[in-house]
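First up is the structure itself, then whatever we jot down about it.
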Amino acid sequence: MTAPETTLINVESSHYPPLLLRDPANPILTRKDWPYSINSVFNAGATLLQDGTTLLLCRIEDRRGLSHLCAARSKNGVDGWQIDREPTLMPSPKEYPEEIWGIEDPRITFVPELQQYVVTYTSYSRGGPGVSLALTKDFRSFERYGVIMPPDDKDTALLPRRINGYWALIHRPMTPLGSHMWISYSPDLHHWGRHRLMLEARRGAWWDANKIGLSPPPIETSRGWLVLYHGVRHTPSGCLYRLGLALFDLENPEKCLLRGDSWIFGPEADYERNGDVNNVVFPCGYTMDPDGDTINVYYGAADCSIALARASARSLLEWLDANGSCERRRAQDV
Ligand code: BMA
């Protein structure tokens, strides 16, 4: 009798090329790793520090249901995490009342011009979730700018350099007519204007109908800004969070060059299927390997843990060339 074949973790159907490969160590961080009591750890921003250390700024939910941020550092970005002994960035509702119900889902952008990391995150106010911004050099002390986009708005990241002299911020305001990705510009990171619709949620039965949002900060390639975004499907048993791919013009980032029709990554593994919120993959950060091609995508799984999947920038662009089309041309069809 022959032994049954081992089940692989990457369970994608062979008809779909697996563009993001899960790390065998997944989930790489869970509440069991935490040095203090928490309910869950998920949705982490990511960056590489100057010495090559991977830093994750993790969303921690406590047992009141409120979130704060906590940093974890690792030499190889997979294991050996050194986790701050206490919260790294707590909501500060006395000075910033808009943080009264917690801070969530950070995205990190290193900005060479400022020689600082810009962290954008959701601040949960009495008026709903809005977008806040803070600057840091070391993830130990932070300069808070407060709310830069009022509720309901989230899923934000700053581009790492100015576009035509202005900082550019991607975000996702919510309206009853649909939750789409917008881009806004600022001369000083405080005052924002020139708001433009960047990518629309599709409609009807599509996997990314009605609600989409930026996932990690855009990835700069020679062909354009590569954007992983999440699409939310409402089903009778709850929401289903999957990832799609699009490419935007380098100097005019509101111009979509290519957008894939199908999702490229969705909940399949047990830790993505089952958790506090089932069927969620939610990346907020990535790091790029020294080869300039391997992208390490850090994602929250089922609002309970942090997992890692790798992709090749070249393969993502090739996939978009084969499967993407121009958003504007398609606009009338959907
Ligand atoms: C979204 C965000 C994420 C969360 C996801 C699934 O709206 O709030 O923080 O992971 O829902 O619950």
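The values are calculated or read from the model by the stated rules, or taken from the named source; none is laboratory data. The model shown is predicted, which means the values in this text are computed figures rather than measured ones. Because the Cβ atoms are built from the backbone with ideal geometry, glycine has one as well, and the counts that use them run over all protein chains shown. We work out accessible area using only protein heavy atoms, side chains counted, and drop any ligands, DNA or RNA first. Shrake-Rupley method; radii C 1.70, N 1.55, O 1.52, S 1.80 Å.
Just one of (1) crowded, with 24+ Cβ neighbours inside 10 Å; (2) among the β-branched types (Val, Ile, Thr); (3) at pLDDT below 95 fails for Thr235. It is (1).
Note on the stretch 275-295: residues that are in a loop (DSSP other than H, G, I, E, B), surrounded by 14 or more Cβ atoms within 10 Å (Cβ to Cβ) and in contact (Cβ under 8 Å) with a residue 24 or more places away in the chain total 4. Scanning the stretch 240-252 for residues that are more than 16 Å from the ligand (Cβ to nearest atom) and open to solvent by less than 10 Å² (accessible area, probe 1.4 Å), we see that the one that is nearest to Glu268 (Cα to Cα) is Leu245. Residues being under 22 Å from Thr120 (Cβ atoms), open to solvent by less than 40 Å² (accessible area, probe 1.4 Å), polar (S, T, N, Q) and part of a loop (DSSP other than H, G, I, E, B): count how many of those fall in the stretch 30-77. Within the stretch 30-77, residues that are under 22 Å from Thr120 (Cβ atoms), open to solvent by less than 40 Å² (accessible area, probe 1.4 Å), polar (S, T, N, Q) and part of a loop (DSSP other than H, G, I, E, B) number 1. Tell me whether the stretch 177-184 contains one or more residues that are at pLDDT below 95 and either within 26 Å of Asp249 (Cβ to Cβ) or open to solvent by 60 Å² or more (accessible area, probe 1.4 Å) (or both). Checked against the condition, which is being at pLDDT below 95 and either within 26 Å of Asp249 (Cβ to Cβ) or open to solvent by 60 Å² or more (accessible area, probe 1.4 Å) (or both), the stretch 177-184 yields at least one hit.
The condition of being within 16 Å of the ligand (Cβ to nearest atom) and either out of contact with any Ser or Thr (no Cβ under 8 Å at 6 or more places or on another chain) or small (Gly, Ala, Ser) (or both) holds for only one of Ala205, Ala201, that being Ala201. Annotation note: of Ser325, Ser237, Ser305, the sole residue that is within 12 Å of the ligand (Cβ to nearest atom) and among the polar types (S, T, N, Q) is Ser305.
Considering every residue within the stretch 253-267, establish whether at least one is within 11 Å of the ligand (Cβ to nearest atom), touching a residue at least 60 places away in the same chain (Cβ under 8 Å) and not in a loop (DSSP other than H, G, I, E, B). No, every residue in the stretch 253-267 fails to be within 11 Å of the ligand (Cβ to nearest atom), touching a residue at least 60 places away in the same chain (Cβ under 8 Å) and not in a loop (DSSP other than H, G, I, E, B).
Filtered by the rule that a residue be more than 18 Å from the chain's Cα centre (by Cα) and not small (Gly, Ala, Ser), the stretch 290-320 gives Pro290, Asp291, Asp293, Arg314, Leu317, Glu318, Trp319, Leu320. Has the stretch 286-301 got at least one residue that is within 11 Å of the ligand (Cβ to nearest atom) and touching a His at 6+ places or on another chain (Cβ under 8 Å)? There is no residue in the stretch 286-301 that is within 11 Å of the ligand (Cβ to nearest atom) and touching a His at 6+ places or on another chain (Cβ under 8 Å). If the condition is being closer than 25 Å to Leu308 by Cβ, in contact with a Leu (Cβ under 9 Å, 6 or more places away or on another chain) and open to solvent by 10 Å² or more (accessible area, probe 1.4 Å), then the stretch 253-263 contributes only Trp263. Which residues, taken from the stretch 99-126, are within 16 Å of the ligand (Cβ to nearest atom), open to solvent by less than 60 Å² (accessible area, probe 1.4 Å) and farther than 19 Å from His230 by Cβ? Selection gives Glu99, Gly102, Ile103, Val119, Ser123, Ser125. Scanning the stretch 62-84 for residues that are out of contact with any helix residue (DSSP H, G or I) (no Cβ under 9 Å at 6 or more places or on another chain) and farther than 20 Å from Thr136 by Cα returns Asp62, Arg63, Arg64, Gly65, Leu66, Lys75, Asn76, Gly77, Val78, Asp79, Gly80. Scanning the stretch 209-234 for residues that are within 16 Å of the ligand (Cβ to nearest atom) and in contact with a helix residue (DSSP H, G or I) (Cβ under 9 Å, 6 or more places away or on another chain) yields a single hit, Leu228.
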